[in-house]
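I have placed the structure first, in the form of structure tokens, so that the comments after it can refer back to it.
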Amino acid sequence: MAGLTAAAVAAVAFLAYQASANVPADLAQKPRTPSTSTAAPSISPSGGPRQPAANPLAVPADSGTGERVVYSLTDRRVWLVDGKGKATRTFTVMPSTVDPAPGAYAVTSRSGSVRGSDGVQIEHVVRFATAQDVAIGFSAAVDGSTPSPDPTKKTGGIRMKRADGDALWMFAVIGAKVVVVA
């Protein structure tokens, strides 16, 4: 056993040496520290100032208080938030072609298993809004798929993986608060 460990350590040391010996000269140099405290901001690849990375798993600050489902249109993410404001689960979703307006809603109806407006068999449908005469709600395809919706059709199904759909189904009963944020 000691021989295997020694061989593994030697192999890693050799590979580390090889990697450091092959670093281009401009990457091997230590960065210079600016002589003054007025250094220029770092620039992102798009040319604008680089913003600090936000925690994508953090519950959006503008999503209210109390127990709620939070749906971010921009992040394509849902948070299940307990009464203390802590996310008990978060997951990504595939939005529908018709979005609800940002605001607070309540779950108005639920269906265990139906056919979606796109013809796909879905389960754990949790409806909470209507926009452009289309019912908006969360659901999971029975086959587990989360494809992009057909942009030529008006659909309101916000799709998620089946395990996430199960969790949302247990959490979002009739009357539960749903907050949509931009």
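Using per-residue counts of other Cβ atoms within 10 Å, averaged over each peptide, order 94-105, 113-124, 68-79, 144-155 from highest down. Walk me through the numbers before you get to the answer.
Numbers: 94-105: 17.0, 113-124: 15.2, 68-79: 19.7, 144-155: 12.7.
My ranking of the peptides, most packed first, is 68-79, 94-105, 113-124, 144-155.
Could you tell me which of rounded, prolate or oblate describes the stretch 134-182, using a ≥ b ≥ c as the square roots of the eigenvalues of the alpha-carbon gyration tensor, with rounded for a/c under 1.5 and, failing that, prolate when a/b is larger than b/c and oblate otherwise?
Values: a/c = 2.23, a/b = 1.23, b/c = 1.81.
Oblate, because a/c is 1.5 or more while a/b does not exceed b/c.
Quick check on the stretch 44-182: take the gyration tensor over C-alpha atoms, sort the square-rooted eigenvalues as a ≥ b ≥ c, and tell me if it's rounded (a/c under 1.5), prolate or oblate. Numbers along the way, then the final one.
Numbers: a/c = 1.71, a/b = 1.26, b/c = 1.36.
Because a/c hits 1.5 or more and a/b fails to exceed b/c, the stretch 44-182 counts as oblate.
Calculate, for ARG89 and GLN132, the FRET efficiency according to 1/(1 + (r/R0)^6) with r their C-beta to C-beta distance and R0 25 Å; round to the nearest 0.05. Intermediate values should be presented prior to the final figure.
On the way: r = 29 Å, r/R0 = 1.17.
Efficiency computed from Cβ-Cβ geometry: 0.30.
Report the label-to-label distance for ASP150 and SER111 in nanometres (one decimal), using points 7 Å from each Cα along the Cα→Cβ vector.
Distance between the two pseudo-spin positions: 1.7 nm.
Every read-out reported here was derived from the displayed coordinates using simple, explicitly stated rules and does not represent laboratory data. Since the model is a prediction, treat every value here as computed from it, not as a measurement. Note that we place each Cβ from the backbone using ideal geometry, even for glycine, and neighbour counts take in every protein chain shown.
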